[in-house]
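Beneath this line is the structure, given in structure tokens, with notes to follow.
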Amino acid sequence: MTAPHVEPTADVDPRSTVGPGTTVWHLAQVREDAVVGAGCIVGRGAYVGPGVRVGDGCKLQNYALVYEPAVLEDGVFVGPAAVLTNDLYPRAVTPDGAVKTADDWHAVGVTVRTGAAIGARAVCVAPVTIGRWATVAAGAVVTADVPDFALVAGVPAKRIRWVGRAGVPLESTGPGTWRCPATGAEYAEHDGTLTESAG
């Protein structure tokens, strides 16, 4: 795999790590101690906060904002202008009116599991976990953990369908059984969770 490509107008801190084959586009910022894996795309104006971990094969689209201490596993998609927050009780100042510093709050992060996708302008309010191969619809506001393979939408986001690895909504094949029309993969639902069937 080739060396990473960083556009001259991008701001990549020398203390960060950018993997081979990754492209960091115009006006993107990768902060100190962040790790971006191999074969990723960091789109125009995207932000990767200090210490954020981004796995291999991820795509952060234009103006996606990924605040520390977020963790993105391999193959994650973050759509344009999506936001992964990090503050439970945001304030610019303390109760006595002093400007808050890093010592005045405890950052909490969003975790996005392998293959999951977050749609354009969605907001994931930390601390939440987005499950494996789940999809967060454009404009959704996620305030609770999202199960593996769930499609969530709305404000606050609720599960509206199941999706497979291809991101396509699954079709019911009977009570508690599902099939992906794109790949043919089969899934089983039990107690509000979905798992891939063996074979």
Taking the Cα centre of the chain as origin and charging only Cβ (+1 Lys, Arg; -1 Asp, Glu), how large is the dipole, in debye to the nearest 20?
-> 500 debye
Computed lengthening from E7 to T177, 0.36 nm per intervening residue step minus Cα-Cα distance = 56.5 nm
Taking the convex hull of the alpha carbon atoms in the range 91-199, what volume per residue do you get, in Å³?
-> 124 Å³
Fraction of beta bridges assigned by DSSP in the chain that are antiparallel (%, nearest 5) = 30 percent
Two pseudo-spin positions, 7 Å from Cα along C-beta at H106 and at V168, lie apart in nanometres by 4.5 nm
Starting from the Cα gyration tensor of the range 5-88, take the square roots of the eigenvalues, sort them a ≥ b ≥ c, and report rounded, prolate or oblate (rounded when a/c is under 1.5, otherwise prolate if a/b is larger than b/c, else oblate).
-> rounded
Per residue value of the accessible surface for the range 43-199 (all protein chains in place, 1.4 Å probe), Å² = 50 Å²
If each Cα of the chain is one equal point scatterer, what is log10 of I(q)/I(0) from the Debye formula at q = 0.10, 0.12, 0.13 Å⁻¹?
-> -0.45, -0.62, -0.71
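The values are calculated or read from the model by the stated rules, or taken from the named source; none is laboratory data. Treat the numbers as computed from the prediction; the structure is a model and nothing was measured. Cβ atoms come from the backbone with ideal geometry, glycine included; neighbour counts cover every protein chain shown. Quick note on the areas: whole protein, heavy atoms, side chains included, nothing else; ligands and nucleic acids left out. Shrake-Rupley method; radii C 1.70, N 1.55, O 1.52, S 1.80 Å.
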